[in-house]
1. Once you sort the root eigenvalues of the Cα gyration tensor of segment 69-164 as a ≥ b ≥ c, which label holds: rounded (a/c under 1.5), prolate (a/b larger than b/c) or oblate (the other case)?
2. Ranked from highest to lowest mean number of other Cβ atoms within 10 Å per residue, what is the order of the peptides 102-113, 131-142?
3. Taking every DSSP beta bridge that has both residues in segment 38-151, what percent is antiparallel when rounded to the nearest 5?
4. So how do 62-75, 81-94 stack up, highest first, on mean other-Cβ count within 10 Å?
5. Give me the one-decimal nm value for the distance between modelled label points at D56 and S133, 7 Å along each residue's Cα-to-Cβ direction.
6. Could you sort R146, R59 by accessible area so the largest value comes first, with the probe set to 1.4 Å?
7. Label E85 and S31 with points 7 Å out from Cα along Cα→Cβ: what is the distance between them in nm?
Amino acid sequence: MGAAVAWRTVLLRPSMEVARFMNRTVKATESEFWGAFSSFCPPGGYFDGPGSAQRDVDRRLGEAIEALLVAQLGPAETSGTWRHELGAYRAGIHSLRFSAAGFDPGLVPSLQGLLVGEHEVYCIVCQVFESLSAPSEARIGSVAMRSNRLLVSYPLVEHSKGRL
């Protein structure tokens with residue numbers, strides 16, 4: 001079961017205006033997911049450009065992510081279901097941590113929809129735990145998004161009842 005499963009699917013954005021082809025790769029375990037994660041992400045050198053301009057682009061994506069999640073789940077500080085982990089990874093990667101109760105697979109297309117225009121080269125990674133305070137080894141599963149592809153761990157697919 002160590003081999004990745006890949007297939008093509010059509011993802012319709014909530015606006016239904018754009019249909020995009022998306023590659024989805026499912027890894028059998030969390031370990032395999034994290035083994036594939038670094039090559040899935042944008043190349044680090046891309047973000048070595050002029051500092052202040054790139055920080056502004058990054059900040060705008062962070063604000064868009066947080067606005068989307070606040071509208072869906074409430075503020076991170078009071079909902080207890082999600083957290084934006086700033087600086088958890090190298091530039092170009094936004095990391096989100098969810099409790100199992102707060103993670104809805106329906107958020108994935110909405111988050112991925114933010115990865116257009118100036119944010120197209122970015123990656124958003126979501127990690128799901130039983131609770132926000134659970135240690136890394138208690139992770140249920142993970143999904144990483146680029147503008148046109150997903151990397152998902154099978155444990156998260158199973159937890160989401162196949163909705164990823």
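The values are calculated or read from the model by the stated rules, or taken from the named source; none is laboratory data. This structure is a prediction, so every number in the text was calculated from the model and none was measured. Backbone-built Cβ (ideal geometry, glycine too); neighbour counts: all protein chains shown. Ligands, DNA and RNA are excluded from the accessible area calculation, which covers all protein heavy atoms including side chains. Shrake-Rupley method; radii C 1.70, N 1.55, O 1.52, S 1.80 Å.
1. rounded
2. Going by the mean number of other Cβ atoms within 10 Å, highest first, we get 102-113, 131-142.
3. Just about 65 percent of them are antiparallel.
4. 81-94, 62-75
5. 4.1
6. The ranking, largest first, comes out as R59, R146.
7. Between E85 and S31, the simple spin-label model gives 2.0 nm.
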